[in-house]
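Take a look at the structure below.
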Ligand SMILES: O=C(O)CCC(=O)C(=O)O
Ligand SMILES: [Fe+2]
């Protein structure tokens, strides 16, 4: 058994150390990047934004109330520096007492802020000699910043080039999002609401650009198929700063866009922004490439490559990004600092062709469907052989029904990918019967459940022989003679033993690369072990008994963590309905195009997951996908929707997903503690009252019906039960 001692002190030390290390590495990295750029004479890009007063009459002075900027490395789009300050105007009465747009910039907020002259040096240092970027800066921010410097009798900073995203996007991206407002574009890509605060807005601006660039990049790689038919005319739309409504104050004070002739970038940018593309097309990196082993192409890499392509000031339609490359020439997708991955033009276009077909089939392109998705889903369903059946048949390309839609890929862009530095909490139950240690464990459980909704658990009492045998048993089941397995194939979820692939096959946007054996244990209607498949019967019964014990222990810990009597959850019959979902994820020939399990939260009080050594499970935490690394002997525990509901949102049912993998098969067993079908559940009285309850009362049945009807998705089924 893998052992680990765990104390808060150690954790904190490790955490501090880790943060320090990361900070040091980050600082060093940024310094290195900066000095590299200056030695190459490459200008940096500064995205900046101003929040200003709204002039009450035409011609009145517009005062800068906030300045925010990020300095970005043009090659990697890394943020090198950021600065933000509120600014106090000489005459405070020009600032409203209350902020009209709930942006928090009120008279009181700026009263103690520095004056423009106090921060002018810093702002000058940030802007002078750099490429200025921002949304509608030509018309608004550039003149405002000049005016502010002139007003204090100082020469204004001078840019070496400007990039107005309003212009660029109007010209190249068009009105796919409806209009060209930053708020609309951000909402279109699911990037959240615009804050109308300068620093948040410039960061949002960059994210929007990355997203638009990816879409354009994909289209330009296959213009005939992916070219957007409905991008709208390149008419210039306008953005207003004032309460989100369009208002014109005439001349320079207006936020109106520049005329089409002057949109986008001004003059060819003075830095070597084409380096990557030139290097790629001239084959200058090929030696390095030869040393690299082929790697799957991640969407994330393409995103950065694409974002760079957008900044590159030439017409991508006329001159392809693949300029100089033959269809089967490999090129390198920049991945991070000095890492590259290979892909051929052919593979890339082929892969995205599939997506386009899906989009067309869904009617998004308004064209004749090229395939009947339902027919193919049905054909797959009727094989009753699951995904493993496809792999056994030797397919090399995954069927279209499994290819994620462009919308799903686009939604992915909202998230970051944590590298290997972060781990979810690990809790060691050793010593749980000792009072002091038990208190510590409860604290750890509370912390992990409130912040992550996930933790790994060691010394839980299930022998590793049992865990290993369970994995083997599930594997035996899925790898047995397909004709035997088929007898259990059904979409009827009320069956005690059910073999299935994709319970939400006909409802999901794309199918998952996963088959499942589901075993149902109901206290009021016990399972007859004879019903279980003989390939895994004994071990399933054995594992179920062990898991019930761990479930009991966890129910006490969760009750304690919520400040309740330790038997509170037991009293709520959390374990009356239990399902063991025994998943089998076959090796996938095109893992970048599909998922093992779509992002979702669990329809349970809590889930105990056993996974083998392959990995692939990821948790969404603070907008970042964090990998759950396999630890021999550990179980993974996660909070499900019901614990979030009854704790009135205190404990967190975290979104998670499983990647498809080129290697496998991966096996996992998810044990859901789903509560009692006979009870009504709502926020616990001790944790909420009439006024503070955020969820309605519901039955497991009503909740489950809703969960199943919508299928797996990142939108929580709990939203439906919000008050
Ligand atoms: O296979 C895994 O690692 C996770 C499966 C899962 O999330 C589920 O069954 O709900
Ligand atoms: Fe799950």
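The values are calculated or read from the model by the stated rules, or taken from the named source; none is laboratory data. Keep in mind that what you see is a predicted model, and the values were worked out from it rather than measured. With ideal geometry, Cβ positions are generated from the backbone for all residues, glycine too; neighbour counts draw on all protein chains shown.
Within the stretch 652-666, not a single residue is more than 12 Å from ligand 1 (Cβ to nearest atom), on the phi < 0 side of the Ramachandran plot and not in a loop (DSSP other than H, G, I, E, B). Being free of Cβ contacts under 8 Å to residues at least 24 places away in the same chain and either more than 18 Å from residue 457 (Cβ to Cβ) or within 16 Å of ligand 1 (Cβ to nearest atom) (or both) is the filter; apply it to the stretch 544-589 and report the residue that is surrounded by the most Cβ atoms within 10 Å (Cβ to Cβ). The extreme case among them is 570.
Flag: residue 670 does not match the condition of being within 13 Å of ligand 2 (Cβ to nearest atom) and modelled with pLDDT under 90.
Would you check if residue 616 is modelled with pLDDT of 95 or more, near ligand 1 (Cβ under 9 Å from one of its atoms) and either under 21 Å from the mean Cα position of the chain (by Cα) or not assigned by the TED database to the domain that holds residue 397 (or both)? No; evaluated as a whole, the condition is false for this residue. Kindly provide the set of residues from the stretch 609-637 that are within 16 Å of ligand 2 (Cβ to nearest atom), part of a strand (DSSP E or B), touching a strand residue (DSSP E or B) at 6+ places or on another chain (Cβ under 6 Å) and more than 15 Å from residue 426 (Cβ to Cβ), ordered by number. If the condition is that a residue be within 16 Å of ligand 2 (Cβ to nearest atom), part of a strand (DSSP E or B), touching a strand residue (DSSP E or B) at 6+ places or on another chain (Cβ under 6 Å) and more than 15 Å from residue 426 (Cβ to Cβ), then 610, 618, 625 are the ones that fit. Given the condition within 21 Å of residue 584 (Cβ to Cβ) and within 11 Å of ligand 1 (Cβ to nearest atom), answer yes or no: does some residue in the stretch 699-722 qualify? Yes, that holds for at least one residue. Whether a residue is away from ligand 2 (no atom under 16 Å from the Cβ), touching a strand residue (DSSP E or B) at 6+ places or on another chain (Cβ under 7 Å) and assigned by the TED database to the domain that holds residue 669 was assessed, and residue 544 passes this test. The set of residues in the stretch 146-171 being within 16 Å of residue 63 (Cα to Cα) and assigned to a helix (DSSP H, G or I) consists of 146, 147, 148, 149, 150, 151.
Any residue in the stretch 563-580 that is within 12 Å of ligand 2 (Cβ to nearest atom) and assigned by the TED database to the domain that holds residue 412?
Looking for residues that are within 12 Å of ligand 2 (Cβ to nearest atom) and assigned by the TED database to the domain that holds residue 412, one finds at least one in the stretch 563-580, hence yes.
Scanning the stretch 638-651 for residues that are away from ligand 1 (no atom under 15 Å from the Cβ) and closer than 26 Å to residue 430 by Cβ turns up just one, 651.
Screening the stretch 688-711 for residues that are outside any helix (DSSP H, G or I) and in contact with a helix residue (DSSP H, G or I) (Cβ under 7 Å, 6 or more places away or on another chain) and picking the one that is surrounded by the most Cβ atoms within 10 Å (Cβ to Cβ) gives 695.
Within the stretch 679-687, identify whether any single residue is within 16 Å of ligand 2 (Cβ to nearest atom) and either in contact (Cβ under 8 Å) with a residue 12 or more places away in the chain or in the same structural domain as residue 555 (by the TED database) (or both), and answer yes or no. Break it down stepwise before answering.
Here is the first cut: in the stretch 679-687, the residues within 16 Å of ligand 2 (Cβ to nearest atom) are none.
No, that holds for no residue.
In summary, residue 677 fulfils each of the numbered conditions (1) surrounded by fewer than 18 Cβ atoms within 10 Å (Cβ to Cβ); (2) out of contact with any helix residue (DSSP H, G or I) (no Cβ under 7 Å at 6 or more places or on another chain) with the single exception of condition (2). Within the stretch 645-657, the set of residues being within 14 Å of ligand 2 (Cβ to nearest atom) and buried (at least 24 other Cβ atoms within 10 Å of the Cβ) comprises 653, 656.
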